[in-house]
Structure formats: structure tokens, C-alpha cells
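Taking it in order: structure first as C-alpha cells, then the write-up.
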Amino acid sequence: TDLFIREIGGGKVFHLGGLAGVPFTGKTGFAAYSAHVPEGGHCFILQAPHIGMSNEQELGKYSREGQPNSPSTACGAAVGAMCHCAAGNELPYLGGVTDDYQMSYIINEMSKRMHFLSPHDGDTNAQQAELARQTHSIGKDMLDQIVSTNFGDDMSMLFVMSGIQINMPFDFEDYFEPISFEVHRKDGSVTDLFPLTFGS
């Protein structure tokens with residue numbers, strides 16, 4: 001986020017996310033964030049889970065500095081949720097969870113998407129790439145439910161970009177894969193900016 005703020009010429013960051021890049025602060029968090037917007041101002045949301053690549057070019061793992069026993073999983077929450085479901089473990093009851101709600105939510109949502117992951121059981125890298133895409137969809141689905149244009153003035157707009165953050169081995173720069181980019185206006189219209197910005 002610091003790099004993004006620098007590239008667009010300034011601004012302030014308000015974190016909406018939790019595990020796996022899911023905006024767990026919800027409608028209350030978005031309302032708190034958008035309450036900071038001045039008249040004539042706009043909101044920009046960048047939503048993304050991450051996926052790691054180890055020094056051995058394994059997706060879903062990351063060789064962490066200072067950890068000789070690495071690589072470890074990345075995103076750990078997404079991998080943990082997939083493994084929980086693949087093992088046939090019982091799904092957590094969200095109505096009774098107080099000590100680990102975010103992970104329990106991700107497990108429940110991932111259980112609905114296992115049919116996208118199981119065809120890749122023999123190809124770990126392909127499965128981890130698909131896991132990142134499904135984790136993105138979990139976060140984007142929640143984001144779509146919590147945002148509004150109830151901020152600023154009549155000209156204020158909400159820009160939403162989503163994608164996947166790719167954490168590369170140490171000798172390489174990290175990457176961001178954009179998946180969606182749209183603008184929401186006060187009249188309720190939503191314009192897809194992705195083709196104009198990134199090509200079709």
C-alpha cells in the first residue's frame with residue numbers, strides 16, 4: 001500500500017482487511033473509512049489476497065528471511081482452509097465462534113469452492129494458483145456487500161481495484177495481478193474500467 005500511495009501522489013491508508021485479504025471490518029469498517037472523505041473527495045479500495053513463490057518456484061510457499069526451516073505456506077490461511085476441507089473435517093459453526101472467527105469464515109467459504117480445487121490434486125502449482133483465485137473471490141464477494149457511495153458530496157466516486165499480490169523470491173520484485181477495476185457513482189451506476197486500464 002505504501003508503494004501504491006507513492007505512485008498516485010499521496011493519500012492515506014485505512015485497512016479494511018484481515019486474514020486472506022478479506023475485508024472483515026465489514027459495513028462498519030467501510031463506514032468508518034469513508035467518513036474520512038472530504039467534500040469533493042473520492043474513495044479508492046485495493047483488495048487482494050496474496051500467494052507466495054518459494055526459492056524453489058513452488059506456488060503457495062514462501063522462503064522467509066531468517067527462517068532456515070522455510071518455506072512456509074503463503075497464504076497460510078487459504079492453504080489451511082483448503083487442507084481442512086480436503087481432509088473432510090467438520091465445518092466450524094460461525095454462530096458459535098468467538099476465538100477464531102476469520103479463519104472459520106474462510107473455511108466455510110472455501111468449502112463451497114472445493115470443486116474448483118480438486119481437479120488440480122495432481123498439480124500442486126496449478127492448485128495453489130486456483131486457490132489464490134478462489135480466495136480472491138471470497139474477499140471480493142464480501143467487499144461487494146459492504147461498500148456504498150454514502151460519502152463525500154454529489155461528485156464523489158468509489159474506485160475499487162482487486163487482484164492477487166504475488167510475493168516472489170528475494171532476488172525478484174513482487175507482482176500484482178489485477179483482476180477487476182471499477183468505479184461506482186452516486187447514481188448507482190458501475191463502470192468497468194479494466195479494459196481501458198489493462199486491456200481486454
**Complete:** Share of Cα-Cα pairs in region 76-131 beyond 13 Å, whole percent, is 57 percent
**Complete:** Regression test value, accessible area per residue of the chain, probe 1.4 Å, units Å², expected 57 Å²
**Prompt:** Pairing the Cα long axis of helix 101-111 with the longest principal axis of the chain, what angle in degrees results, from 0 to 90 and rounded to the nearest 10?
**Reply:** 70 degrees
**Item:** Per principal axis, descending, Cα span of region 97-200 in whole Å
**Value:** 52, 40, 27
**Request:** Hey, could you get me the Stokes-Einstein D for the chain, Kirkwood radius over alpha-carbon pairs, 4 °C and 1.567 mPa s, rounded to whole µm² s⁻¹?
**Result:** 71 µm²/s
**Request:** Would you list which aspartates and glutamates come within 15 Å of residue 27, measuring only between C-alpha atoms, while excluding same-chain residues fewer than 8 positions from it?
**Result:** 141, 144
**Message:** Going through the cross-link list 112/186; 12/112; 140/186, which pairs have a Cα-Cα distance over 27 Å in this structure?
**Reply:** 112/186; 12/112
**Asked** Where the centre of each part is set by its Cα atoms, how far does region 43-88 sit from region 1-22, in angstrom?
**Response** 20 Å
**Asked** Gaussian network model of the chain, Cα springs within a sub-10 Å range: biggest mean-square fluctuation belongs to which of 29, 17, 96?
**Response** 96
**Asked** Gaussian network model of the chain, Cα springs within a sub-10 Å range: biggest mean-square fluctuation belongs to which of 86, 31, 132?
**Response** 86
**Request:** Using just the helices of the chain, give the 222 nm mean residue ellipticity in deg cm²/dmol: DSSP H runs with n ≥ 4 each add -39,500 (n - 2.57), and the total is spread over all residues, rounded to 500.
**Result:** -10500 deg cm²/dmol
**Prompt:** Once region 1-119 is represented by equal point scatterers at the alpha-carbon sites, with solvent omitted, what log10 I(q)/I(0) does the Debye formula produce at q = 0.14, 0.17 Å⁻¹?
**Reply:** -0.81, -1.03
**Message:** Can you give me the % of accessible surface on the chain that is carbon or sulfur? Probe 1.4 Å, all protein chains present, nothing else counted.
**Reply:** 52 percent
**Asked** If each of residue 57 and residue 193 carries a label point 7 Å out from its Cα toward its Cβ, how far apart are those two points in nm?
**Response** 3.6 nm
**Request:** Using a 10 angstrom cutoff on alpha carbons, build the Gaussian network for the chain and name the most mobile of 172, 181, 159.
**Result:** 172
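The values are calculated or read from the model by the stated rules, or taken from the named source; none is laboratory data. What you see is a predicted model; the values in this text were computed from it and never measured. Cβ: placed from backbone, ideal geometry, glycine included. Neighbour counts: every protein chain shown. Only protein heavy atoms, including side chains, enter the accessible area calculation; ligands, DNA and RNA are left aside. Shrake-Rupley method; radii C 1.70, N 1.55, O 1.52, S 1.80 Å.
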